[in-house]
Amino acid sequence: MNSQSSLNPNERIFVAGHRGMVGAAVVRQLCQMGFENIITRTHAELDLTDQAAVRRFFATEKVDRVVLAAAKVGGIHANNAFPADFIYINTIIEANVIHHACRAGVQDLLFLGSSCIYPKFAQQPMNEEHLLTGLLEPTNESYAIAKIAGIKMCEAYNRQYGTRFRSVMPTNLFGPGDNYHLENSHVIPAMIRKYHLAKLAMAGDVRGIKADEARFGTIPAEICRAIGWCAGEGRLEKKQSPQVMLWGTGSPRREFLHVDDMAAACIYVMALDQSYFTVPNPSFLNVGTGEDITIRETAETIAELVGFDGETIYNSFRPDGTPRKLLDTGRINSLGWRPRLTFREGLEDAYRSYLAETA
């Protein structure tokens, strides 16, 4: 199969969320493939929660295809602390973009969902048929419901208006452009930053810690205590060895995918024939590696990669989240797509990108 057979380099493609990790990776790969008519808008230029603004945008711009990568995202803490924000903002963005793209005559749209759409205790690995078969993980229920709504919205518009709207459900993503703010980051960027800060503390590198904080935001008090950083005074305590504090027990299993592989999958899925997404086939595809690893093993790999040989402490009073999340990627694999990077290669690229941002 020629995966790019139905994509035209002259198409005008609107990538919503081009400054996010996935949207930026999609734009990079489209540019590398020779696509020159890529439409982007910053939040200041187009607020996707503003229905009137989105309607005007699609009415004035000649858009052939949409990649809907814009979303409010965050880790366990952010999802648990701000559930109203996650369900409201994400649902409004999806409704505005999907509805007004259709009204403007756009036939092709790719919606980016999340593996958190599946039930907390879904059979592992999770395949597309497991959607809506059980209760969701409580800590990110609001975000998951918003993403499920996006999938069902695409299906409804296809059924009523004959559009070719399809969705992809990525596993946990990481890589260049990730969010390293420790109050709302996901597990891998949080680990990369925590281990890097602990390494700097162990080396007594006050200047490096200050540069990191200036680039990625205030270091939470819990992390300051673990590494011995006196934030207000801008100095390190000498009386303790730096430690890394991680949430939960370390026992949950997670699947991780580098964002460049996700972007490649998005472009691949956009080019597939519509017959792959018609009933009885699901309207969406899982995207992942098909392999998982424990949080503890992930931490050990990142610690070794960063060069931190100190102590890691697990705070079992903090939530673990879903016990296991592994996607069944058999369907997209059968259509000809597989990831290119190994987990180690992806982590090395992510850490290089992190270091480049603090240089």
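Each reported figure results from applying straightforward, stated rules to the coordinates on display, with no laboratory input. Note that this is a predicted model, so its numbers are computed, not measured. All Cβ positions, glycine included, derive from the backbone under ideal geometry; neighbour counts span all protein chains shown.
Observations on the structure shown:
- Note on Phe317/Thr342: beta-carbon distance plugged into 1/(1 + (r/R0)^6) with R0 of 30 Å gives a FRET efficiency of 0.30.
- Distance violations [Cα-Cα > 21 Å] among Lys199/Lys238; Lys147/Lys325; Lys120/Lys194; Lys62/Lys147; Lys72/Lys210: Lys120/Lys194; Lys62/Lys147; Lys72/Lys210
- Over all pairs of different C-alpha atoms in the range 69-221, the reciprocal of the mean inverse distance, the Kirkwood hydrodynamic radius, equals 17.5 Å.
- DSSP bridge pairs, the chain: antiparallel proportion in percent, nearest 5: 10
- Per-selection Kirkwood Rh - the range 293-359 (Cα, Å, 1 d.p.): 15.0
- Extension gain for the segment Met33 to Tyr88, taken as residue separation times 0.36 nm less the Cα-Cα distance, is 16.3 nm to one decimal.
- Taking only the C-alpha atoms of the range 153-203, Rg followed by Dmax gives 19.1, 62 Å.
- Lys/Arg +1, Asp/Glu -1 at C-beta; the chain dipole; positive extreme among Thr171, Asn79, Tyr157: Tyr157
- GNM remark for the chain: springs join alpha carbons under 10 Å apart, and the peak mean-square fluctuation among Ser241, Ser283, Ser275 falls on Ser275.
- When all alpha carbon pairs of the chain are counted in 10 Å bins from zero, the resulting P(r) reads 5, 24, 33, 24, 11, 3, 0 %.
- The range 200-225 and the range 241-296 have their alpha-carbon centroids 30 Å apart.
- Considering the range 176-319 at the alpha-carbon level, its Rg and Dmax are found to be 19.1, 65 Å.
- Unit Cα scatterers, Debye sum, the range 30-94: log10 I(q)/I(0) for q = 0.13, 0.14, 0.26 Å⁻¹: -0.48, -0.55, -1.18
- Relative compactness, the range 255-299, computed as alpha-carbon Rg over 2.2 N^0.38 Å: 1.50
- Figure legend: label point modelled 7 angstrom from the Cα of Arg19 along Cα→Cβ; residues of the range 162-192 with amide N under 16 Å from it are 177-181.
- A protection proxy built from the mean count of other Cβ atoms within 10 Å ranks the segments 147-157, 317-327, most packed first, as 147-157, 317-327.
- For the range 161-197 versus the range 323-343, the spacing of their alpha-carbon centroids is 17 Å.
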